[in-house]
Amino acid sequence: MGRLRDKWFGTQYPDSDVAPLSAAEVRDALLAVNSPHVPYRVRNAATAERADLAADWWVNSSAFGERKSQKLKIRMRLDPSLHEVRILQERWVTTKSSLSVSKGYCRGPGFTAQWTFERGPDGRRHKVKTLDTRDMRNALRKVVLSSGWTWRGVSRASKL
């Protein structure tokens, strides 16, 4: 059951030849992911979030008379004794049209991708990715794994 759960929640282990860094170094490396070139923000988590760090990404879009806003949050708890970062990924979606409003919430390793069509140098239309929320999760996971720590997904905040 362990392997299935690891696969379902996206748990990944570092290479065996990577020496684990200290918790302070991992925290600093995760906070260093912030830059003006990325659309998300990594910050110290509030007490109510029951985590050490949190990463937030707000996405707003509109099409066909609908406005859609999404908030993606990854809460991270560092466990120095096991050299692992436990994460809980959450997503809130609100869709507003002229007649209705719908809201949704989900947990787990889901993602959102948006595409547009642009003309290429050959004059033909090409599909171009404009948004992929996996970019945030992949950047954070890469930092954790390169620090010699395990990236462990959890299903509830009580397991953080």
Can you classify segment 66-160 as rounded, prolate or oblate using the Cα gyration tensor, where a ≥ b ≥ c are the square roots of its eigenvalues, rounded means a/c under 1.5, and otherwise it's prolate if a/b beats b/c and oblate if not? oblate
Total Lys pairs in the chain closer than 18 Å by alpha-carbon, pairs eight or more apart in sequence or interchain only? 10
For a quick check, take a GNM of the chain with Cα springs below 10 Å and name the residue from LEU53, LEU140, LEU82 with the largest mean-square fluctuation. LEU82
Based on a Kirkwood Rh over C-alpha pairs, give the Stokes-Einstein translational diffusion coefficient of the chain at 10 °C and viscosity 1.306 mPa s in µm²/s. 91 µm²/s
Please order GLU66, GLU84, GLU90 by the number of other Cβ within 10 Å, starting at the fewest. GLU66, GLU90, GLU84
Please build a GNM for the chain, connecting alpha carbons under 10 Å apart, and tell me which residue among LYS73, LYS96, LYS127 fluctuates the most. LYS127
Using alpha carbon centroids, what distance separates segment 1-51 and segment 103-160, in Å? 14 Å
For the chain, what is the calculated [θ] at 222 nm in deg cm²/dmol (nearest 500), taking -39500 (n - 2.57) for each run of four or more DSSP H residues and dividing by its residue count? -5500 deg cm²/dmol
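Quick check on the exposure proxy: order THR133, THR150 from fewest to most C-beta atoms within 10 angstrom.
Exposure proxy ranking, most exposed first: THR150, THR133.
The numbers here are math on the coordinates, done by the rules we state, and not lab data. Model, not experiment: these values are computed from the prediction. Ideal geometry is used to build each Cβ from the backbone, glycine not excepted, and the neighbour counts take in all protein chains shown.
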